[in-house]
1. Looking only at region 403-425, count every residue that is open to solvent by 70 Å² or more (accessible area, probe 1.4 Å) and either under 24 Å from R301 (Cβ atoms) or modelled with pLDDT under 80 (or both) and tell me the total.
2. Given the residues K74, K81, which is the only one that is farther than 30 Å from A203 by Cα, of a type outside the set (S, T, N, Q) and loosely packed, with under 10 Cβ neighbours inside 10 Å?
3. On the given criteria, is E376 open to solvent by 80 Å² or more (accessible area, probe 1.4 Å), under 23 Å from A296 (Cα atoms), at pLDDT below 65 and not aliphatic (A, V, I, L, M)?
4. Do the conditions hold for E357, that is, is it part of a helix (DSSP H, G or I), closer than 22 Å to N290 by Cβ, modelled with pLDDT of 80 or more and open to solvent by 30 Å² or more (accessible area, probe 1.4 Å)?
5. In region 217-232, is there at least one residue being part of a helix (DSSP H, G or I) and at pLDDT 75 or above?
6. Name the single residue, out of those in region 44-71 being assigned to a helix (DSSP H, G or I) and not charged (D, E, K, R), that is most open to solvent (accessible area, probe 1.4 Å).
7. Please go through region 419-432 and give me each residue that is under 33 Å from the mean Cα position of the chain (by Cα) and among the charged types (D, E, K, R), ordered by number.
8. Cβ-Cβ under 8 Å, sequence separation 6+ or interchain: first residue in region 176-187 and of a type outside the set (K, R), partner at pLDDT 85 or above and outside any strand (DSSP E or B). Which pairs?
Amino acid sequence: LEGEIEARGARVEYVTGKYDRTTAGGRFVRRVIGAADELDYDNIVEKLREHKYEAARRGSIVATRAPYGYQYVKLRDENGKPITQLAINDEEAQAVRMIFKWCAYGDIDGKPLTLAAISKRLSDLGVPTRTDSRNRKTADGYWAPSTVRFLIKSEVYLGRWHYRKSKSVSVPGQDASLAVPAPRDNWICVPVPAIIDEATYQAAQERLTANKEQALAQWKRKHTYLFSGMITCAACNSAYCGNPGADKRWFRYYCMGKRKRPTVKCTSPLVMERVLDEAIWPWIEEVVTNPDQVLATIQQRQQAINEQNANVQSMMAMTTKLIAEKRAERERVMALYKKGKLDDERWEQEDAQCAQELADYEKQRAELEARLVQSEYTPDYIADVQEVCARIAKGLANFTREERREAYELLRLRVRIAVEDSEKVAYVECELDTERLSLNNHRSTINTKSRSHEACPKSGQLS
């Protein structure tokens with residue numbers, strides 16, 4: 001008994017770090033204890049994996065929390081060992097059945113709903129989620145389309161819960177691992193109570209596939225928007241998205257922030273395309289009136305970019321030199337430690353200081369690299385700009401809708417929509433100039449006899 005107490009006391013003494021680190025023997029013991037602790041940790045992780053694997057084979061659910069629509073219950077298997085199983089939560093299961101029904105067969109109108117429509121309907125009905133009443137940025141009862149899709153894709157509602165759907169693989173060249181999907185043959189299936197039938201599940205999967213194909217088909221641009229990808233919102237920094245209108249003729253743009261979560265929805269106004277074009281194109285014509293001035297402006301911009309890049313590259317070279325010196329210093333500290341000229345405490349302090357300074361220098365170099373301006377003022381680009389500017393100077397009649405779009409792209413037009421003192425304004429910028437344009441003074445009327453793609457609602461509707 002005394003020997004066992006002494007052995008335990010010695011172990012406690014080593015674990016608490018009571019050994020002399022100024023000697024080679026003390027440092028050796030410290031490294032051995034560290035390796036033993038690491039081995040002990042790996043063994044614990046491996047035993048936990050084996051325990052979870054055996055529990056799943058016995059029919060137990062191994063998960064942090066029960067899937068939506070279920071709750072945990074404690075049972076015993078045929079051998080009398082405790083297991084964790086799933087029981088249907090009636091309130092949540094009703095929401096699950098509605099989700100599958102809306103996706104597979106639709107609502108009372110018989111029209112299947114998209115993921116966005118299902119999530120909006122659930123949010124409008126106030127259906128509670130698992131994360132309600134927690135510290136969240138969104139309001140209670142908010143459903144995201146990704147959450148709805150995850151529920152529809154899950155096989156647990158068919159009565160099949162799976163374990164080991166992923167496996168851990170080592171990252172080459174790094175002391176880290178990555179979770180990747182495992183072959184289905186390696187999955188462990190645990191029977192659970194089913195909420196929906198097989199036919200409803202398969203119909204929902206087919207609807208998801210059809211919705212995806214339809215979305216990809218709609219993603220292909222059917223209309224030529226003059227300002228697609230060029231407009232942003234000054235209020236929330238979201239992009240403006242084009243819409244052809246109900247009759248595919250009244251082209252307009254609205255802020256994508258309007259479609260965000262309810263707590264951060266943007267209130268910026270929509271903008272008609274013709275109103276924007278009537279304000280921006282005359283400004284472009286004025287800017288490009290003198291082709292020689294266009295060339296001089298581009299050359300000045302190129303010179304300014306070159307000077308800025310030269311200064312940044314100079315600072316980057318200096319930072320790179322400091323990084324190399326700091327790495328060499330850290331290697332010298334390690335060499336002194338290996339020779340025994342530095343004790344553990346002194347080595348840890350100096351190595352930590354070197355590592356911190358090295359991280360600061362590398363962060364500084366990354367920030368400088370981000371400040372480099374990538375210029376594309378090639379001779380071909382300058383020639384194209386001069387040609388387009390010369391054509392614009394001759395008049396708008398020479399440009400079709402597609403050619404105007406190409407001209408805006410070539411000049412790298414960027415527009416920010418804002419509302420200032422009840423006035424709708426556009427901050428426009430291109431490779432040649434910048435300007436603030438008022439959109440309230442540009443209103444268009446409808447020709448009731450012949451409506452073109454550029455037609456817009458009656459005056460006053462936009463403001």
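The values are calculated or read from the model by the stated rules, or taken from the named source; none is laboratory data. No experiment lies behind these values; they were computed from the predicted model shown. Here Cβ is always computed from backbone atoms with ideal geometry, including for glycine, and neighbour counts include all displayed protein chains. Note: areas computed on protein heavy atoms with side chains; ligands, DNA, RNA excluded. Shrake-Rupley method; radii C 1.70, N 1.55, O 1.52, S 1.80 Å.
1. Going through region 403-425 one residue at a time, the tally reaches 4.
2. Answer to the selection: K74.
3. For E376, the condition - open to solvent by 80 Å² or more (accessible area, probe 1.4 Å), under 23 Å from A296 (Cα atoms), at pLDDT below 65 and not aliphatic (A, V, I, L, M) - is met.
4. No.
5. Within region 217-232, not a single residue is part of a helix (DSSP H, G or I) and at pLDDT 75 or above.
6. Per the stated criteria, the residue is H51.
7. E420, K424, E429, E431
8. Note: pairs meeting the criteria are P181/K165; A182/R164; A182/K165; N186/R164; W187/R164; W187/K165.
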